[in-house]
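K.L.:
Encoded as structure tokens, here's the structure I'll be asking about.
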């Protein structure tokens, strides 16, 4: 391993950020890079544990102590090879993953965890800088044609894997540019679109075909697609947002979070916005929903020049530290303060929105809200809430962004034409571990199969589905499997 006593000698340090007052003036990424000495020190903090729980904490099964050791030794090519063996897109996860690996870090039991996510980002950026990352077009072709519907993280991961073993891969995307959530859902200040386009360019050079502005089920009949290809992967994501059907929902000024975020991403990329313009400039903004999407709305509203920004969460405020109900190495549901919150935002928990109030012209002007108290079970999990008497009030709001998560994939069109079975949550029912749907030749992965989740889970799903598709097409597969990696680790 690297430095045996490193975890004793060095504390956790993160790269410097551009100050909030400066970074809100633009949409550029604002997290810097480590100086070489600091990167060396941070990798030295890895304890090379006998049982590295970080492996299990990572949905991709990243081989973390090994790449930390390579970073400490400044063996950048080895570090890149280790990291890319389990993760197709470290440049994405190194920027936007909530790092469940760090929550499972053994050092994190009584000290700040190793800065795994930042080290991961540095490995991939150094690999690009040194020219280790090149387009890869396999010499041997299988003659099999695969269609992937959706170019989000699951679809891109599956495309990369299936191309690697010689299948002809075509990715269908209904938007005008590939990337899905990465392209239009995540703001540039968290994930610069140059980072996404750099990877897409490499994939095109590797022989992967992208067909944008093409909605399967509308522009192409879904059944014809299945007939024309040897296998099809449904990776369109969970795209139906959770609504808030209360009085006044029709007033102009109430929008789903993705309507707002997608527009701004287009503007930053100089892509014409054809829909009704949505702007937070000079408005009292309320974001309903306390997750990452809500945080992205806060950061974007700050950059657009909102008059005020308030974020509501129906649930009670999470604890700041682990509780007995969240023992290590579980991922803890604790209070998270994001960089967007640091830039300016009032946050409130235990708030229920009862009514949208509009003016005579049909524009939103205020919200009627009330405080709520939650009843919990013996594990501290919320069961039901009741309103707190005497707390009902009206607050000004001319823009409300609903960021309360997503319910399920769109059924009309592709899924309806295919007639695939759905599960109880209306996601595509694909056999656990096999990713195969009820329709012959058709597989499913990512949020479309498992429901709304993390980008790192989507990449994992895409990789695992690709292996099962390869087995289906060829009778066997040489693609990496997370299960195989875990079995190898258990044996040694």
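The values are calculated or read from the model by the stated rules, or taken from the named source; none is laboratory data. Bear in mind the structure is a predicted one, so any value in this text is a computation, not a measurement. Note that each Cβ is placed from the backbone with ideal geometry, even for glycine, and that neighbours are counted across all protein chains shown.
K.L.:
Within the group 458, 424, 430, which residue is buried (at least 21 other Cβ atoms within 10 Å of the Cβ), in a loop (DSSP other than H, G, I, E, B) and assigned by TED's automatic domain parsing to the domain that holds residue 230?
P.N.:
Values: 458 fails: in a loop (DSSP other than H, G, I, E, B); 424 fails: buried (at least 21 other Cβ atoms within 10 Å of the Cβ).
None of the other options fit; the residue is 430.
K.L.:
Scan (1) surrounded by 15 or more Cβ atoms within 10 Å (Cβ to Cβ); (2) in a strand (DSSP E or B) for the single condition residue 404 breaks and write down its number.
P.N.:
So residue 404 meets the others, but not (2).
K.L.:
Can you tell me which residues in region 107-162 are at pLDDT 95 or above, closer than 22 Å to residue 471 by Cα and over 23 Å from the mean Cα position of the chain (by Cα)?
P.N.:
141, 142, 143, 144, 145, 146
K.L.:
State all residues of region 32-52 that are in contact with a helix residue (DSSP H, G or I) (Cβ under 8 Å, 6 or more places away or on another chain) and at pLDDT 95 or above; if no residue qualifies, say none.
P.N.:
Passing the criteria: 33, 34, 39, 40, 41, 42, 43, 44, 45, 46.
K.L.:
State whether the residues of region 34-48 include one that is touching a residue at least 40 places away in the same chain (Cβ under 8 Å) and under 30 Å from residue 303 (Cα atoms).
P.N.:
As a first pass, look at region 34-48 and keep what is touching a residue at least 40 places away in the same chain (Cβ under 8 Å): 34, 39, 42-48.
Applying the additional criterion that residues be under 30 Å from residue 303 (Cα atoms) yields 34.
Yes, that holds for at least one residue.
K.L.:
Further question on the same structure: For region 171-192, state whether one or more residues are surrounded by 18 or more Cβ atoms within 10 Å (Cβ to Cβ), free of Cβ contacts under 8 Å to residues at least 40 places away in the same chain and under 16 Å from the mean Cα position of the chain (by Cα).
P.N.:
Checking region 171-192: at least one residue is surrounded by 18 or more Cβ atoms within 10 Å (Cβ to Cβ), free of Cβ contacts under 8 Å to residues at least 40 places away in the same chain and under 16 Å from the mean Cα position of the chain (by Cα).
K.L.:
Applying the selection to region 73-90, what residues are in a helix (DSSP H, G or I) and surrounded by fewer than 23 Cβ atoms within 10 Å (Cβ to Cβ)?
P.N.:
Result: 76, 77, 78, 80, 81, 82, 84.
K.L.:
Conditions first: (1) touching a helix residue (DSSP H, G or I) at 6+ places or on another chain (Cβ under 6 Å); (2) in a loop (DSSP other than H, G, I, E, B). Residue 107 passes all but one, so which condition is the exception?
P.N.:
Looking at each condition in turn, residue 107 falls short on (2).
K.L.:
Take residue 348 and decide whether it is part of a strand (DSSP E or B), in contact (Cβ under 8 Å) with a residue 60 or more places away in the chain and farther than 16 Å from residue 280 by Cβ.
P.N.:
No: the conditions fail for residue 348.
K.L.:
All but one of (1) assigned by TED's automatic domain parsing to the domain that holds residue 288; (2) under 27 Å from the mean Cα position of the chain (by Cα); (3) at pLDDT below 95 hold for residue 400; state the number of the condition that does not hold.
P.N.:
Residue 400 satisfies all of (1) assigned by TED's automatic domain parsing to the domain that holds residue 288; (2) under 27 Å from the mean Cα position of the chain (by Cα); (3) at pLDDT below 95 except (3).
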